[in-house]
1. Dipole magnitude of the stretch 7-96 about its Cα centre, charges +1 at Lys/Arg Cβ and -1 at Asp/Glu Cβ only, in debye to the nearest 20?
2. Hey, if you put +1 on the Cβ of every Lys and Arg and -1 on every Asp and Glu Cβ in the stretch 9-52, which of Ile34, Ser44, Gln19 ends up farthest toward the positive end of that dipole?
3. Quick one: angle between helix 3-19 and the longest Cα principal axis of the chain, in degrees between 0 and 90, rounded to 10, please.
4. Quick one: with all protein chains in place, what share of the accessible area of the chain is carbon or sulfur, to the nearest percent (1.4 Å probe)?
5. Kirkwood Rh, Cα Rg: Rg to Rh for the chain?
6. Give the distance, in whole Å, between the Cα centre of the stretch 13-91 and the Cα centre of the stretch 134-183.
7. I need the GluC sites (Glu not before Pro) found in the stretch 46-97, filtered to DSSP loop residues with at most 16 other beta carbons within 10 Å of theirs.
8. Given a Förster distance of 35 angstrom, what is the FRET efficiency for Ser35 paired with Ile103, based on the Cβ-Cβ distance and rounded to 0.05?
Amino acid sequence: MQADQIKTKIISICKKLNQKNFLAAADGNVSFRISDEEILITPSGVNKAEMEVSDFAVVTIENQILHGTPSSERLMHLEVYRRCPKAKAVVHAHPPTAIAWSIARPDLKELPSECMSELILAVGSMPFVPYARPGTAQMGEVLIPYLPHSRAMILSRHGAISWGEDLDEAYNGMERIEHSAVILRTALDLGGLSSLSAEEVAVLREMRKRLGERIL
């Protein structure tokens with residue numbers, strides 16, 4: 001893909017994130033690895049539903065700004081690219097139900113995947129990353145224990161992040177995070193969570209291994 005095609009694709013993704021209520025105002029950011037050393041990223045302080053091709057910034061993987069005004073949360077993206085050689089795209093958004101889980105259930109280490117076959121098959125697990133102050137280096141540091149094996153993560157009391165081998169996979173990860181969170185929240189509202197048998201969970205996890213690493 002050419003640079004303008006990548007930017008147009010990112011703008012389309014940002015509009016979808018906004019339409020699904022995963023973003024408000026200037027929240028969130030999307031990036032793409034355009035070379036081994038250069039990262040294209042959405043700008044700081046711009047409503048993601050109103051972005052234009054000229055708004056994008058470029059930074060190096062070591063955080064040198066080459067062009068524009070990149071997101072203040074870029075260190076989180078850069079940590080993913082440094083730790084995950086397969087990563088080509090990163091999406092960070094604020095899916096409401098996923099965030100609410102991290103606020104209401106700070107005891108959980110991940111969404112209860114043993115309740116849902118699709119969650120296991122699509123991502124394996126969906127961990128809660130410990131809270132980090134937005135805009136700080138800590139946002140990247142708290143991701144390190146989860147990389148490269150986790151591609152869809154909930155950022156406690158903040159948002160979520162997903163990465164993929166292309167923009168579609170990274171975006172699909174964000175949809176998968178909120179969709180799973182909504183189903184589980186609805187189950188709680190209807191009477192509570194119930195788990196699949198340990199045997200079935202083990203079979204599903206083996207199936208996930210055979211399906212590969214990509215988010216489905």
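1. Numbers: 12 positive and 10 negative charges, 91 e Å.
For this selection, approximately 440 debye.
2. Value computed over the given set: Gln19.
3. 50 degrees
4. Details: 5080 of 10040 Å².
Summing carbon and sulfur atoms, their accessible area is 51 percent of the total for the chain.
5. On the way: Rg = 16.9 Å, Rh = 17.4 Å.
For the chain, the value is 0.97.
6. Taking the Cα centre of each part, the stretch 13-91 and the stretch 134-183 sit 13 Å apart.
7. Numbers: sites: Glu50, Glu52, Glu62, Glu73, Glu79; in loops: Glu52, Glu62, Glu73.
Here the sparse-neighbourhood loop sites are Glu52, Glu62.
8. Details: r = 38 Å, r/R0 = 1.10.
For Ser35 and Ile103, the calculated efficiency is 0.35.
The values are calculated or read from the model by the stated rules, or taken from the named source; none is laboratory data. Worth saying up front: this structure is predicted, and the values here are computed from it rather than measured. FYI the Cβ positions are ideal-geometry reconstructions off the backbone, even for glycines, and counts take in every protein chain you see. These accessible areas exclude ligands, DNA and RNA; they are computed on the full protein's heavy atoms, side chains included. Shrake-Rupley method; radii C 1.70, N 1.55, O 1.52, S 1.80 Å.
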